[in-house]
Amino acid sequence: MTSVRIALIGLLLLLMLLLVGGAIVPRPFFAPVRSSSGPDDLRRILVLSGPIHTDIAIPLDSATRSTFSFLEASGIPVGHPEARWLIVGWGGRAFYLETPTWADLKPLPVLRALTVDRSVLHVDVAGAALAAQPGVAVFDVDRGGLEKLIAFVADSFASERGATAAIPGAGYGAYDRFFEARGLFNILLGCNTWTAAALRTTGLRSGLWTPLPQSLALSLRLFN
């Protein structure tokens, strides 16, 4: 029993070391050279953090509405005048679709999340008040960075025969939808590492490995 206990303590310490190290070692290691941007060239994006998951909110302007106009056909009102933010998150298919609240937690989706699962994107829209909500971090990026982020998100949608459609019957509310996504989900490279990769396209730096919202948030505060 003593040796087992020592092994478990060692594994726990190793995991803690990896989590801390992953957050405080920057990626990329050296800060990118940024072009000087005036206030008029900056665009605001948001990172929404929950207990285990993060989303990105992209401003809905004419260019964004045009790029994601295909979402309208699935019932997401990206063209609505009061819709100011497009919220996108990536995650494991079983856990994401079948666990809208903690009360819905079931063993099989958890097992899939702990191993390997197909991935999906969850998409929603929000009004201007979103930026002031708890758990929301605000970042200003230049126009080129925002364009790269939009391209990264758009490329994360899986398409069939050139068309992208929502997963039938999958959603938490009136206007949000789920879509099949590119890539496989696992606990080591999950939703928060996808968020970090998306943010790095804008020129923001994150930690080397940020599997938790808390480690991602820490790294974003340290390096940006």
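Where a number appears in this text, it was derived from the coordinates with a stated rule and is not lab data. Not measured: the values here are computed from a predicted model. Neighbour counts are summed over all protein chains in view; Cβ atoms, including those assigned to glycine, are modelled from backbone coordinates with ideal geometry.
The orientation-averaged projection of the convex hull spanning the C-alpha atoms of the range 27-116 amounts to 9.5 square nanometres. Helix screen, the chain: DSSP H segments with Cα axial length of 27 Å or more and mean Kyte-Doolittle hydropathy at least -1.0 are 2-24.
The range 174-208 and the range 105-154 have Cα centres spaced 6 Å apart. By the beta-carbon count within 10 Å of each Cβ, the least crowded to most crowded order of Tyr175, Tyr96, fewest first, is Tyr175, Tyr96. Restricting the calculation to Cα atoms, the range 41-223 shows an Rg/Rh of 0.94 when the hydrodynamic-style radius is the Kirkwood one. Taking every C-alpha pair closer than 8 Å and separated by at least 6 residues, the mean separation divided by the residue count of the range 23-115 gives a relative contact order of 18 percent.
The mean sequence separation of alpha-carbon pairs under 8 Å and at least six residues apart, normalised by the residue count of the chain, gives a relative contact order of 29 percent.
When shorter helices are ignored and each DSSP H run of at least 4 residues is given -39500 (n - 2.57), the per-residue value for the chain at 222 nm works out to -10500 deg cm²/dmol.
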